[in-house]
Amino acid sequence: MDFLIRQALPEDLADAGRITVEAFVGDGFTNPTSSYVDLLRDAGRRAREAELLVAVDTAGAGVLGCVTYAVGGTEWADIATPQEGEIRMLATAAASRGRGVGEALVRTTVTRSRELGLAGMAFSTRPEMTTAHRVYERIGFRRTPERDWAPYPGMDLMVYTMAF
């Protein structure tokens, strides 16, 4: 691997925010005028209030991707129970796709959940995020339709889970 996964440092935050916006808006998952864009861009808040993990290029090319990790029952967890970890806002820079960055970030959150002694993981995803779904399924996550939900009308979210 020509990148490593670690906790975000202050110098990573602007790139992490930019990459997250690019992934969600640029790939058509989020309207560029949505107030959600501000939350996507605010990597500093995510790093303060949850865990922000970044993939960084070992050759010094900077941040390649990021994911927000939270334990269920905390502010950044939408669907996970207090015994589960949850990922939010998984994003890989367009130029870094195909290198395994997203998969490595997700695998790191699984490891983190196990380190914390949690019983598993649960998280939400949009139905149209099919590339991410393939990554989740390859890692061992399973669709859990009975936990699907909608934060507001028209925003239907699918849930994936993994028990340890």
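Every number here is computed from the coordinates shown, using simple stated rules; none is lab data. The model shown is predicted, which means the values in this text are computed figures rather than measured ones. No Cβ is skipped: glycine too gets one built from the backbone with ideal geometry, and neighbour counts run over all protein chains shown.
Summary table below
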item	result
Spatial separation of Cα centroids for the stretch 49-67 and the stretch 93-164, in angstrom	18
Within the stretch 3-163: Cβ-based charge dipole about Cα centre, in debye rounded to nearest 20 (Lys, Arg +1; Asp, Glu -1)	380
Hydrodynamic radius of the stretch 3-163 per Kirkwood, over alpha carbon pairs, in Å	15.7
Rough spin-label spacing in nm, given labels placed 7 Å along Cα→Cβ, for R142 and D38	4.1
Anisotropy class of the stretch 1-52 from Cα gyration tensor, a/c 1.5 cut	oblate
Net length gained if the chain between R48 and R134 were fully extended (0.36 nm per residue, minus Cα distance)	28.0 nm
Relative contact order for the chain, counting Cα pairs under 8 Å that sit 6 or more residues apart, in percent	18
Residues Y152 and T111, FRET efficiency given R0 of 22 Å [Cβ-Cβ distance, rounded to 0.05]	0.10
